[in-house]
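A.B. asks: Starting off with a structure, shown below.
The values are calculated or read from the model by the stated rules, or taken from the named source; none is laboratory data. Please read these numbers as outputs of a predicted model, since none were measured by experiment. Cβ sites come from the backbone with ideal geometry, for glycine too, and all protein chains shown count toward neighbours.
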Amino acid sequence: MEFPVQSGLVCARCGDSVDAAQLEAGRPNSALCRTCRLAPPPFVRAVAFGPYQGRMKEAIHALKYDRLHPAARGLGRMLAAAIAELAAEAPAAMLVVPVPLHRSKYAERGFNQARALATHALGFLSKSHPEWRLTLASSTLMRLRATESQAGLTPRMRRLNVRGAFTVSDPSAVKLKHVLLIDDIFTTGATARAAAQALVKAGAASVWVATLARARRISEFGRGVAFQDGEQIEGMTGDAPAAVFEEGSRFSSHDQPSF
Ligand SMILES: [Zn+2]
């Protein structure tokens, strides 16, 4: 019945697990993972409720294929708990932008699970943090291309595939605004980086990210990269130095989350 929660040291930017060797002496709260040190993401900070495994994985799968699934409200409460981690440092007013599906995926599924989760989460937050002005802005971001089917692509191809996948429909709506980007799962961060990049390009003052679950990166067969959810296999976005992400060793055991 329990949903797993993330424990241990996490990267101050992306929330990935980091080991003690990556800590700077005397600065335990400022640990950055290797990825964020080498290629700082365009978002300020990403938080997640817990790892994408066990009951969480089952519940997200159920939600994706049944919009009225009884799990939706409970998952929304968990997302609200993750968002609340940002309350102390995030701006007092933010636009809440769910990561959009491509229209072909939307037509197939009939709803956007990120939007459903955001709607439920905002309901909880309006009670727990009534002073926090969070406004749902679900038509702000558009997905120009479907980017889910990236299995079999090299990291470089994945990075190129997701580059420019998002655009802001009306830049004046986000100009100088602080944005909280919402998605169900955070894997490599490629989607969050691409979406945040589009928002920053449109003039957003800052972008923050909250997801329900963080998928664990796992290595298979001694080389290459595999993820727990094939749908989420994505590379890094274009602003990252190519050399860093084209080596399979980026996801070596040294960098693996340990939860
Ligand atoms: Zn990081």
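A.B. asks: Between a residue in the stretch 1-13 that is more than 20 Å from Pro41 (Cβ to Cβ) and any residue that is at pLDDT below 75 and surrounded by 13 or more Cβ atoms within 10 Å (Cβ to Cβ), which pairs come within a Cβ distance under 8 Å, given they are 6 or more apart or on different chains?
C.D. replies: So the pair list comes out as Pro4/Phe259; Ser7/Phe259; Gly8/Phe259.
A.B. asks: Of these, Ala84, Ala93, Ala121, Ala80, which one is loosely packed, with under 13 Cβ neighbours inside 10 Å, farther than 20 Å from Thr191 by Cα and modelled with pLDDT of 95 or more?
C.D. replies: The unique qualifying residue is Ala93.
A.B. asks: Hey, another quick one. Do you know which of the residues in the stretch 171-197 that are part of a helix (DSSP H, G or I), among the hydrophobic types (A, V, I, L, M, F, W, C) and buried (at least 24 other Cβ atoms within 10 Å of the Cβ) is nearest to the chain's Cα centre (by Cα)?
C.D. replies: My answer is Ala192.
A.B. asks: Here is a further query. Any idea which residue in the stretch 5-18 is farthest from the ligand (Cβ to nearest atom), counting only those that are at pLDDT 75 or above and surrounded by fewer than 19 Cβ atoms within 10 Å (Cβ to Cβ)?
C.D. replies: The selected residue is Gly8.
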